[in-house]
Amino acid sequence: MNPLGPINLINLLAVGTLLFLALSIIDSRRGGWSGPRHANRDRDPIRIGLGVIAGLLTVAGIVGVVSAIAGPLTVPIGVVAFLMGILAIRQYYRTERQAVLPYLAVAMERRIPLATAARAYALERPDHFGRRSGQLAALLESGARLPNALRLSGHRFGLGSTLAVGIGDDFDCLDATLRQSMRDEQRLRRMLRTIGERLAYLSWVLVMTLGMHGFFRWKLEPMLLKIATESGLPTSIGLMRPLKDFGIVDPSTFATLQRYASLAANSTLLVAVGVSATLLLSELWWRWLPLVGRFSLTHDKSWVLRALGWGIARGRSVSETLASVARHLPSGVLQRRVERAMNAVATGAPWTASLRAERLITDYDEVLLIAAETSGNLAWACEERAESQLRRQEYRWQRVISFVFPGVILLAAFEAFSQIGGVFRFLVDLMESLA
């Protein structure tokens with residue numbers, strides 16, 4: 001064994017694991033995660049430095065073991081593993097950020113001051129989430145409104161939760177809006193988690209297919225071609241060679257087919273990179289991607305309808321509700337559309353026609369909302385149309401995944417079948433020549 005080989009980095013994995021264990025023992029003897037002496041645990045520079053060193057040693061050991069086993073396949077495996085790690089960390093932080101909303105909703109139900117609830121949560125969490133909650137409590141005690149206090153304390157939520165907090169605070173219906181937004185945001189997170197799991201599975205399948213293709217192309221194929229040259233066998237190795245042997249296609253057509261087959265095989269790498277990039281981009285910037293952004297805009301427009309229903313249910317006018325929605329929306333295409341619709345309504349245009357002109361609602365929505373306004377059920381109609389749009393978006397995502405998932409699996413299966421079939425064909429020819 002090479003004394004300088006990557007497998008020897010497994011020693012660093014042992015050192016990093018032991019260092020993590022030592023830090024855990026020290027923390028447990030100091031009182032674990034509670035107590036005033038441990039409140040600034042994550043601010044201790046020595047402990048932070050030791051934790052970073054332990055993490056780097058552990059990662060280096062894992063990379064060494066994987067590179068010793070996988071060889072050149074370490075690079076795509078590392079890329080996919082890195083993306084999976086980012087997604088896992090983002091999922092954890094998103095879940096932790098959303099944890100502030102349930103205790104705010106409970107505090108509203110129990111008539112507990114929000115500043116007191118935030119302070120209690122800060123005492124329970126001696127980490128940066130707890131510090132943010134402490135800042136939230138301080139801002140609320142100083143008289144800041146809840147939407148501004150959440151933004152200034154570093155709390156970031158999805159569009160639904162942001163609108164729920166803003167509209168609920170403006171129209172004094174925070175309890176109801178929070179409960180409804182948490183339910184719908186949970187459904188969105190469940191849908192995105194399902195998509196992420198499917199994409200992760202496809203990424204690993206394509207990475208394994210890429211490894212098999214590379215092993216065949218750069219390791220096995222040169223050896224087989226050398227054997228074929230020495231044995232006087234045909235030097236074309238591949239599953240499509242029988243097309244030439246049996247006269248199904250002429251030699252020029254066969255050469256063209258071989259080039260296309262090689263192009264299809266090499267495109268596996270591009271597909272793997274594309275899926276991995278989509279996996280990351282759809283999680284980080286899914287509202288700005290060309291195809292994914294179309295689905296996200298449907299989701300965002302449904303929240304505008306839902307917010308409109310919240311305001312109308314509290315007896316507010318459409319123009320007043322649209323002004324509140326535009327104020328709490330993050331800057332972007334949707335906010336500009338809502339502002340243009342609000343300005344059109346302020347000049348006397350019908351609000352349904354203004355929303356339809358800005359493509360916030362469809363023609364069918366306009367007819368339904370006009371009929372609901374006439375019968376006095378406008379708030380209910382807005383809620384139902386928003387719910388229908390969310391369900392329709394979920395069905396669309398399911399259809400896309402149902403189409404993409406088997407297609408990529410078939411691509412990987414075709415690649416594996418062509419490589420393995422070509423090798424078996426060559427072995428059969430070799431045995432026949434030797435016999």
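The values are calculated or read from the model by the stated rules, or taken from the named source; none is laboratory data. Please read these numbers as outputs of a predicted model, since none were measured by experiment. Quick reminder, even Gly has a Cβ in these numbers, built from the backbone with ideal geometry, and neighbours come from all protein chains shown. The area values use the complete protein model at the heavy-atom level, side chains included, leaving out ligands, DNA and RNA. Shrake-Rupley method; radii C 1.70, N 1.55, O 1.52, S 1.80 Å.
Just to verify a number: FRET efficiency for residue 375 and residue 116, C-beta to C-beta distance, R0 = 60 Å, to 0.05?
Computed FRET efficiency for residue 375 and residue 116 comes out at 0.85.
Per-residue HN-Hα couplings for segment 122-129, Karplus 6.51 cos²θ - 1.76 cosθ + 1.60 at θ = phi - 60°, whole Hz, x for Gly and Pro?
Computed from phi, the couplings for segment 122-129 are 5, 5, 7, 10, x, 10, 5, 5 Hz.
Within segment 333-412, what whole-number % of the accessible surface is contributed by carbon and sulfur, with the 1.4 Å probe and all protein chains included in the calculation?
Looking at segment 333-412 in its full context, I get 60 percent from C and S.
Need one value: the accessible area of residue 219 in square angstrom, 1.4 angstrom probe, rounded to the nearest 10.
Using a 1.4 Å probe on the heavy atoms, I get roughly 130 Å².
For residue 413 and residue 362 in the same chain, what is the full-extension length gain: residue separation times 0.36 nm, less their Cα-Cα distance, in nm?
That works out to 14.1 nm of additional length.
Once the piece of chain linking residue 10 and residue 127 is laid out straight, how much longer is it, given 0.36 nm per residue of separation minus the C-alpha distance between them?
Result: 39.0 nm gained on full extension.
Just to make sure I understand: if all protein chains stay in place, what is the order of 116, 74, 177 by accessible area at 1.4 Å, largest first?
The ordering from most to least exposed comes out as 116, 74, 177.
Compute the whole-percent fraction of alpha carbon pairs in segment 303-344 spaced more than 17 Å apart.
That tail contains 20 percent of the Cα-Cα pairs.
How far apart, in nm, are the 7 Å Cα→Cβ label points at residue 82 and residue 349?
Those two pseudo-labels are separated by 4.8 nm.
At 1.4 Å probe radius, can you tell me the per residue accessible area of segment 285-399 in Å²?
On the way: 5810 Å² over 115 residues.
With all protein chains present, segment 285-399 gives 50 Å² per residue.
Rounded, prolate or oblate for segment 126-200? Axes are the square roots of the Cα gyration tensor eigenvalues, ordered a ≥ b ≥ c, and the cut-off for rounded is a/c under 1.5.
Oblate, since a/c reaches 1.5 and b/c is not below a/b.
Filter the trypsin sites (Lys or Arg not before Pro) in segment 106-146 down to the DSSP loop ones having no more than 14 other Cβ atoms within 10 Å, then list what survives.
Values: sites: 110, 111, 119, 131, 132, 145; in loops: 110, 111, 145.
Counting only loop positions with at most 14 other Cβ atoms within 10 Å, the trypsin sites (Lys or Arg not before Pro) in segment 106-146 are 110, 111, 145.
Heavy atoms of the protein only, probe of 1.4 Å, neighbouring chains included. What is the accessible area of residue 427 in Å², nearest 10?
70 Å²
Please work out how much accessible surface residue 124 shows to a 1.4 Å probe, ignoring ligands, DNA and RNA, in Å² rounded to 10.
The value for residue 124 is about 130 Å².
Taking segment 315-406, which trypsin sites (Lys or Arg not before Pro) meet the DSSP loop condition and have no more than 12 other C-beta atoms within 10 Å?
For trypsin sites (Lys or Arg not before Pro) across segment 315-406 that sit outside H, G, I, E and B with at most 12 neighbouring Cβ atoms in 10 Å, the list reads 359.
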